[in-house]
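Structure, as structure tokens:
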Amino acid sequence: MHAPLRHLNALRAFEAAARHSSFARAAAELNVSQSVISQHIKTLEQWLGAELFHRLGNRVELSDAGRALLPQTSNGFQILNDACDRVLRTTRSGTLVVSAEPALASLWLRKRITEFCKEYPRIDIDLRPAWHPPQFGDGHADVVIHFETRQPAGSGHQYRLFPIIGFPACAPELHQRLSALGPCDWGNVPLVHDNGREIWHQWFAAHEPSSMQWQDGRVYSDLSLAIEAAIDGEGLVLADEVLCARALQSGALKRFDPRHIECVWYTAALPNSTRKGMAADSFVSWLTGVASVTERQAAEARAAQRV
């Protein structure tokens, strides 16, 4: 074995400590104790005959030798990670039954599944929209993606994806008509509801507590239908920057009021029997990464409206 490979774990410890400028954070990332990181670094320094870090209390700083070693060490680990990723994407295989809340399935998840299948060509996804989350196994579902409040108790491992932050929005024509009347009369605005009146009730309780208008308006059983009804001009809907992104960007929906509430979280659930590296685990791990980007972009879009 080549000498550097005998110190592969020490090089991993060095790379993580250099990236974090901390032995403690490197230990947390590699799931070992801080003393193990310190020993690895000491072993590496003895082998190289050079000090790699300046110890500054709770913080460490790369020495000249450490700065010379870091770039190619980081590059080497990236090459190893990329090589393993390429193999995993061609060896992990199977068909996953993914059950998802209908609006999420059509307005956000479908496109992401297409992207996932391009990266993992041996994994097929059978996407099944369902208002009520099914049971796991026996062909029902390998992954359930739904409102956090609707995931059955004890339904395996759950992973939060992103929240739905709702704000009033409507079709441009209705927006113009209501705006022309002057200051909004929240006791007399047409509303569109999704599966009951509770979400609008929460918005009114937070922002217009004197109005009981949340009790009026057409109720649709599905969020997708409520969004389409709002686009058709039937009333205001509590829209968001994720599921309504396309409608907002195209102008089919227009923000009527910037005041918002957190409506619900979407989560992905896996059976307790799912092992690390299985197709379902790979899919949910990939999806949570994509969801974090989605959540950040939605937050940036909301912040831009407040400027």
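The values are calculated or read from the model by the stated rules, or taken from the named source; none is laboratory data. This one's a predicted model, so the numbers in the text were calculated from it and none came from an experiment. Every residue, glycine among them, receives a Cβ derived from its backbone with ideal geometry; neighbour counts consider all protein chains shown. These area figures cover heavy atoms from the full protein model, side chains too; ligands, DNA and RNA do not enter into them. Shrake-Rupley method; radii C 1.70, N 1.55, O 1.52, S 1.80 Å.
Looking at the structure I just gave you, is W265 more than 21 Å from W108 (Cα to Cα) and either open to solvent by less than 70 Å² (accessible area, probe 1.4 Å) or of a type in the set (S, T, N, Q) (or both)?
It is false that W265 is more than 21 Å from W108 (Cα to Cα) and either open to solvent by less than 70 Å² (accessible area, probe 1.4 Å) or of a type in the set (S, T, N, Q) (or both).
Mind telling me which of the residues D126, D142, D216 ends up being touching a residue at least 24 places away in the same chain (Cβ under 8 Å), among the acidic types (D, E), under 21 Å from L107 (Cβ atoms) and out of contact with any Asp or Glu (no Cβ under 7 Å at 6 or more places or on another chain)?
Details: D142 fails: under 21 Å from L107 (Cβ atoms); D216 fails: under 21 Å from L107 (Cβ atoms).
The unique qualifying residue is D126.
Would it be correct to say that E15 is part of a strand (DSSP E or B) and at pLDDT 90 or above?
It is false that E15 is part of a strand (DSSP E or B) and at pLDDT 90 or above.
Of the residues that make up the stretch 234-241, is at least one surrounded by fewer than 17 Cβ atoms within 10 Å (Cβ to Cβ), in contact (Cβ under 8 Å) with a residue 12 or more places away in the chain and not in a loop (DSSP other than H, G, I, E, B)? Explain how you work it out, then say what you get.
Narrowing the stretch 234-241 to residues surrounded by fewer than 17 Cβ atoms within 10 Å (Cβ to Cβ): none.
Among the residues of the stretch 234-241, not one is surrounded by fewer than 17 Cβ atoms within 10 Å (Cβ to Cβ), in contact (Cβ under 8 Å) with a residue 12 or more places away in the chain and not in a loop (DSSP other than H, G, I, E, B), which makes the answer no.
Read through the list (1) buried (at least 20 other Cβ atoms within 10 Å of the Cβ); (2) within 19 Å of the chain's Cα centre (by Cα), then give the number of the only condition that A230 fails.
Unmet condition: (2).
Taking the condition free of Cβ contacts under 8 Å to residues at least 12 places away in the same chain, small (G, A, S), surrounded by fewer than 14 Cβ atoms within 10 Å (Cβ to Cβ) and more than 21 Å from W265 (Cβ to Cβ), does A153 pass?
Answer is no for this residue.
Name every residue in the stretch 48-58 that is in a strand (DSSP E or B) and surrounded by fewer than 15 Cβ atoms within 10 Å (Cβ to Cβ), in order of residue number.
Within the stretch 48-58, H54, R55, L56 qualify.
Mind telling me which of the residues A180, A205 ends up being open to solvent by 10 Å² or more (accessible area, probe 1.4 Å), at pLDDT 95 or above and of a type in the set (G, A, S)?
Just one listed residue meets the conditions, A205.
So, G187, is that one touching a helix residue (DSSP H, G or I) at 6+ places or on another chain (Cβ under 7 Å) and surrounded by 20 or more Cβ atoms within 10 Å (Cβ to Cβ) or not?
When the stated conditions are applied, G187 does not pass them.
Just one of E29, E61, E45 is acidic (D, E), modelled with pLDDT of 90 or more and either open to solvent by 80 Å² or more (accessible area, probe 1.4 Å) or on the phi > 0 side of the Ramachandran plot (or both); which is it?
E61
Here are some residues: T294, T288. Which one is among the hydroxyl-bearing types (S, T, Y), outside any strand (DSSP E or B), within 24 Å of R160 (Cα to Cα) and open to solvent by less than 20 Å² (accessible area, probe 1.4 Å)?
Step by step, each of T294, T288 is checked, and only T294 is among the hydroxyl-bearing types (S, T, Y), outside any strand (DSSP E or B), within 24 Å of R160 (Cα to Cα) and open to solvent by less than 20 Å² (accessible area, probe 1.4 Å).
Could you tell me how many of the residues in the stretch 116-150 are part of a strand (DSSP E or B), under 19 Å from L243 (Cβ atoms) and open to solvent by 60 Å² or more (accessible area, probe 1.4 Å)?
Count: 2.
Return yes or no: is F162 open to solvent by less than 10 Å² (accessible area, probe 1.4 Å) and either more than 21 Å from I231 (Cα to Cα) or in a helix (DSSP H, G or I) (or both)?
In short, yes.
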